[in-house]
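To start, the structure under review is shown below, and the notes come after it.
The values are calculated or read from the model by the stated rules, or taken from the named source; none is laboratory data. Nothing here was measured: the structure is a model prediction, and the numbers come from that model. Backbone-built Cβ (ideal geometry, glycine too); neighbour counts: all protein chains shown.
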Amino acid sequence: MKIKRKQSFVNNLLKALVLGGLVVVASTNPLFGIKIIGAIQKDLKRKKWRDFYRNLGYLKRRGFIEVEQNSDGSYSVEATDSGRLQSERYDLDNITIKAPKKWDKQWRLIIFDIPVEKQKSRLALIPKLKELGFIMLQKSVWAHPFECHNEVAVLARAFEIDQYVNYITCSKVSSDDYLIGEFEKRNRVILHDP
């Protein structure tokens, strides 16, 4: 449990650094310059500065951040591309697709052709699509009734398959009745007007 809490703090710290862009951390006060997001505010109050710097060191060793010492003794800290990707992966648990007040009667189709060497990414993507309420039309074609372009883009980037995933919006699918019935049954949402 303690290891999980520590890992959660490191991930939240990375997220704060990703959101904050280039951050200057004073050598005497590690919290100076960091726009603290709610997820880490309590943790930072309980942490000692040494722990904070240890976590920064961990993120640097993993290649998730770059740290440079300035002439005044402060440090410039910035997330790397790898750090931004890691932050997105951590956020996958929080991704949801918002249901609008009224369905626009448009289908969002996700079509992908993922090469064999990216099989692990494909195996990670499919359960996430199911979790978000997508209905499978074919093995590599999934449908959702609500706007989800940004959410799909985050998934594709996080699994490093964005070049293999296509997003299509269409008004008619020959399996319309099947999709409506399955989506309503699995997600307990009513799409059509009663």
I'd like to check something: does segment 174-194 contain any residue that is among the small types (Gly, Ala, Ser), touching a residue at least 12 places away in the same chain (Cβ under 8 Å) and within 26 Å of residue 15 (Cβ to Cβ)? no
Of (1) among the acidic types (Asp, Glu); (2) under 21 Å from residue 93 (Cα atoms); (3) in a helix (DSSP H, G or I), residue 160 satisfies all except one. Which? (3)
Just one listed residue, out of 123, 85, is in a helix (DSSP H, G or I) and at pLDDT 90 or above, and it is 123
